[in-house]
């Protein structure tokens, strides 16, 4: 009877059920690894009782006390508005500047041999300079307030976007541009409708790298002379030996990274759905 039931199940239904089962198994495997590591950390920290390495349960409790023990209805504490939101706002502002400048310059450099030849030495020189090394320069030029941190983040995040945009623009099939020109599209329309969509996969790859760089520089810019932000909170907790609060800030940065990367992946997946579909069809 069971064999007859399996035989009567449509092949597509069995395929979908198999895909769902494999997907659930893969999610469980991905979740199990960090869960095991957290459990081992908890056991080791509880056994050692070290001041420097508190258990995850104490860190999570400290995160709740610092940021989620506020009044209803949002339950956010004042520290959220004093530290977290300013940090995320500066990071996103710097990343946005890097995206706009990187894409615009990348299109110009990628399409012009003259501009490429004259700017490539400068680009390679500047991109080889680590952002944190320029922090004293930006402090002298812009002071210690928000504009300095945004410019520092934008400078560091610019290069992966710029280089990937140049590479993506240069990789566009010339036939597509010639076809658009033959149909009478003006230059700006060719850039918007043909050039940028074809280069989007490479551009998104650059933005993914720039997102991680922006998060790093956000913390670096707040570890020096800042008076607010997540980095400032970590530094302040370290100076007074509040190790649990320090680890809470570090864990918060990791959580922010996961959340921002997840949002970015959803945006990328929705924007490049046509590209993934055509790639699967081609394969």
Projected area, mean over directions - the stretch 192-243, Cα convex hull, nm²: 5.1
Candidates 151, 258, 97: whichever shows maximal mean-square fluctuation once the chain is modelled as a Gaussian network with Cα springs under 10 Å: 258
Relative contact order of the chain, defined on C-alpha pairs under 8 angstrom at six or more residues apart (%): 20
Ranked by how many other beta carbons lie within 10 Å on average, peptides 114-122, 53-61, 220-228 from highest: 220-228, 53-61, 114-122
Residues 193, 113, 90, sorted so that the one with the fewest Cβ neighbours within 10 Å comes first: 113, 193, 90
At 0.692 mPa s and 37 °C, Stokes diffusion of the chain via Kirkwood alpha-carbon radius, µm² per second: 145
Neighbour-count ranking [beta-carbon atoms within 10 angstrom, fewest first] of 67, 26: 26, 67
Per-pair calculated FRET efficiency, R0 = 30 Å: residue 141 and residue 58 via Cβ, rounded to 0.05: 0.10
Of 150, 31, 103, the one that fluctuates the most in a GNM where the chain has Cα springs shorter than 10 Å: 31
Solution diffusion estimate, µm²/s, Stokes-Einstein, the stretch 70-172, Kirkwood Rh from C-alpha pairs, 20 °C, viscosity 1.002 mPa s: 138
Listed residues 75, 138, 183, most fluctuating in the chain (Gaussian network, C-alpha, under 10 Å): 183
Order of 83, 167 - criterion: other Cβ atoms within 10 Å of each residue's Cβ, fewest first: 167, 83
Pairwise FRET efficiency - residue 240 versus residue 40, Cβ, R0 = 30 Å, nearest 0.05: 0.55
P(r) of the stretch 130-283 over all Cα-Cα pairs, binned every 5 Å from zero, in whole percent: 2, 8, 13, 14, 15, 13, 10, 8, 7, 5, 3, 1, 1, 0
Computed E for residue 69/residue 271 - FRET, C-beta separation, R0 45 angstrom, nearest 0.05: 0.75
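Bear in mind that the values in this text are calculations on the coordinates, not laboratory data. A quick note: this is a predicted structure, and the numbers were derived from the prediction, not measured. As a convention, Cβ positions derive from the backbone with ideal geometry for all residues, glycine included, and neighbour counts pool all protein chains shown.
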